[in-house]
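The values are calculated or read from the model by the stated rules, or taken from the named source; none is laboratory data. Quick caveat: nothing in here was measured; it's all calculated off a predicted structure. Here the Cβ is made from the backbone with ideal geometry for all residues, glycine too, and neighbour counts use every protein chain on show. Accessible surface areas use protein heavy atoms only, side chains included; no ligands, DNA or RNA. Shrake-Rupley method; radii C 1.70, N 1.55, O 1.52, S 1.80 Å.
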Amino acid sequence: MSRQQRPNLLFILADDLGYADLGCTGARNAEGQPVDVTPNIDRLAAEGVRFTRGYSNSSVCSPTRFALATGRWQYRLRGGAEEPIPTVSQDKVLGLPPDHPTLASLLGDTGYDTALIGKWHLGYPPHFSPRLSGYQYFYGFHAGGNDYFAHCNPKGQPDLWENESEITESGYLTDILSQRAVAFIERQSPDRPFLLSLHYSAPHWPWLTRDDEAESRRIAGVGKHLDGGSIETYQRMIHHMDEGIGWVMDALARRGLDENTLVVFTSDNGGERFSNNWPLVGQKMDLLEGGIRVPLVAKWPARFAAGGVSGMPCMTMDWTATLLDAAGVSGDADYPLDGISLLPVLRDGKAPEPRDLYWRMTHQRQRAVIRGDWKYLQVGENEYLFNLGNDPRERANLRGRCPELFSELQASWTAWNESLPPIADDARAYLVFTEKDLPRASF
């Protein structure tokens with residue numbers, strides 16, 4: 001494959017986006033009416049493939065990002081056990097080791113220009129950073145959240161960077177990231193393919209639209225904004241992100257790059273307070289479907305037919321393998337990929353080899369395995385079996401009716417778990433809120 005034939009790769013990652021927060025997945029306003037919140041992402045879906053069973057590697061952000069960066073189970077690295085990595089600078093352990101091969105480093109070594117614009121959340125300088133892990137250009141922030149106007153982390157500390165330099169810039173963060181992505185595309189040489197990782201903070205809290213700079217000043221960029229937000233605000237944040245994605249797609253078209261660019265859009269985990277996960281139950285931090293089943297669309301006009309819908313279960317780390325495969329790049333033999341390439345399915349319509357998908361969480365000692373339509377789930381001391389094809393809300397526990405299958409999936413999870421490093425005793429889960437802050441529904 002010549003450099004001119006190798007595709008450009010654009011991976012767009014939303015933050016805490018719910019399964020039904022897109023128009024094409026059923027977005028509704030507070031009155032229950034359909035809302036046209038994401039016309040540009042919906043267009044991507046119409047012109048490409050929409051996945052109805054795309055899963056994040058975790059139900060919280062940084063573990064999923066470890067899996068995306070490496071193409072491997074996040075649990076292979078100590079930092080991947082944190083749920084998520086806390087805002088602690090100078091930590092020498094909790095991050096993506098610079099010597100570990102990544103999607104960006106593998107592509108960069110074979111002639112790709114690589115850039116991360118947006119959220120990193122895989123450890124803090126000087127020990128960890130995007131530029132130590134294969135990205136040649138970085139514009140964004142290191143922490144798990146960022147105020148959209150103050151551009152600071154949840155502790156109120158400035159956190160906006162260009163490469164290794166801390167910078168100050170005015171404006172609404174979602175728009176700035178979109179504009180930087182456009183600028184990156186516009187300066188690319190037609191002779192070199194690129195990987196652009198566009199990792200938005202939207203629609204992660206604080207709940208701020210373009211018109212909410214005064215609210216940003218009120219909260220002073222600190223905390224989790226437990227006293228703000230609404231469905232309307234949340235959907236406007238998503239719409240701002242969607243507008244920016246439209247700008248990016250227009251930039252590809254202006255440069256004549258849209259035909260041979262593989263674009264993927266998804267979320268790092270399920271939605272949070274104001275999200276719409278219907279018909280699923282659960283949210284961020286849960287291994288119920290609402291915490292791990294995420295919006296997912298992919299478009300590559302040169303290779304994929306438009307208008308496709310796929311019910312194939314797949315995980316975040318599969319896209320690492322898929323992007324490498326599309327570029328004609330192999331993984332590192334010393335760090336074999338756990339994800340699988342989806343190209344044979346997307347390009348040729350071949351059915352994938354059957355496999356089980358797995359999860360484990362420190363939070364509530366959760367476990368899950370999915371085999372086709374079947375799902376084994378453990379939360380604390382309670383264990384369940386669901387048929388997701390008939391019951392995506394996970395309300396009919398079939399454990400007693402299908403005891404042999406229940407035992408098979410339970411044993412499959414145990415064998416997988418034993419193949420990985422154990423969860424460190426000091427690994428922690430960090431909740432954004434508890435019942436002291438917001439009420440919890442009984443069911």
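Observations, loosely collected:
- Under 18 Å of direct C-alpha separation, and excluding same-chain neighbours fewer than eight residues apart, residue 299 reaches these lysines: 350.
- A straight Cα-to-Cα reach below 14 Å connects residue 436 with the aspartates and glutamates 227, residues fewer than 8 places away in its own chain not being considered.
- DSSP beta bridges in the chain [antiparallel fraction, %, rounded to 5]: 50
- Computed with a 1.4 Å probe over protein heavy atoms only, the accessible area of residue 215 comes to about 50 Å².
- Here the gap between residue 441 and residue 335, fully extended at 0.36 nm per residue and compared with their Cα-Cα distance, gives a gain of 33.9 nm.
- Of the solvent-accessible surface of segment 144-200, computed with a 1.4 Å probe over protein heavy atoms with every protein chain present, carbon and sulfur atoms account for 46 percent.
- The HN-Hα couplings worked out from phi for segment 113-127 by the Karplus form 6.51 cos²θ - 1.76 cosθ + 1.60 (θ = phi - 60°) are 7, 10, 8, 10, 10, x, 7, 9, 6, 10, x, 10, x, x, 7 Hz, whole numbers, x standing for Gly and Pro.
- Annotation: lysines with alpha-carbon distance below 17 angstrom to residue 155 (same-chain offsets under eight excluded): 119, 224.
- Summarising the label geometry, the points placed 7 Å from Cα in the beta-carbon direction at residue 92 and residue 371 lie 4.5 nm from one another.
- Among 244-256, 217-229, the order from most to least packed when residues are scored by Cβ within 10 Å on average: 244-256, 217-229
- Taking Cβ atoms as reference points and 12 Å as the exclusive limit, the residues near residue 225 contribute a net charge of -3, counting Lys and Arg as +1 and Asp and Glu as -1.
- Accessible area (Å², 1.4 Å probe, nearest 10) - residue 233: 30
- In sequence order, segment 208-216 has phi-based couplings of 9, 9, 4, 9, 10, 5, 5, 5, 4 Hz under the Karplus curve 6.51 cos²θ - 1.76 cosθ + 1.60, θ = phi - 60°, and Gly or Pro positions carry x.
- Here the Karplus curve 6.51 cos²θ - 1.76 cosθ + 1.60, taken at θ = phi - 60°, turns the phi angles of segment 132-145 into couplings of 7, 10, x, 7, 7, 9, 9, 9, x, 9, 8, 7, x, x Hz, with x standing for Gly and Pro.
- Of the solvent-accessible surface of segment 218-295, computed with a 1.4 Å probe and all protein chains present, 53% belongs to carbon and sulfur.
- Shown for the chain are the DSSP H helices of 15 Å or more along their axis, judged by Cα atoms, with a mean Kyte-Doolittle hydropathy of at least 0.0: 173-186, 316-327.
- Segment residue 426-residue 179, length gained on full extension (0.36 nm per residue, minus Cα span): 84.9 nm
- 13 Å reach of a label modelled at residue 52, 7 Å along Cα-to-Cβ, counting backbone N of segment 348-383: 373
- Point-to-point label distance, residue 227-residue 166, nm (Cα→Cβ direction, 7 Å offset): 2.7
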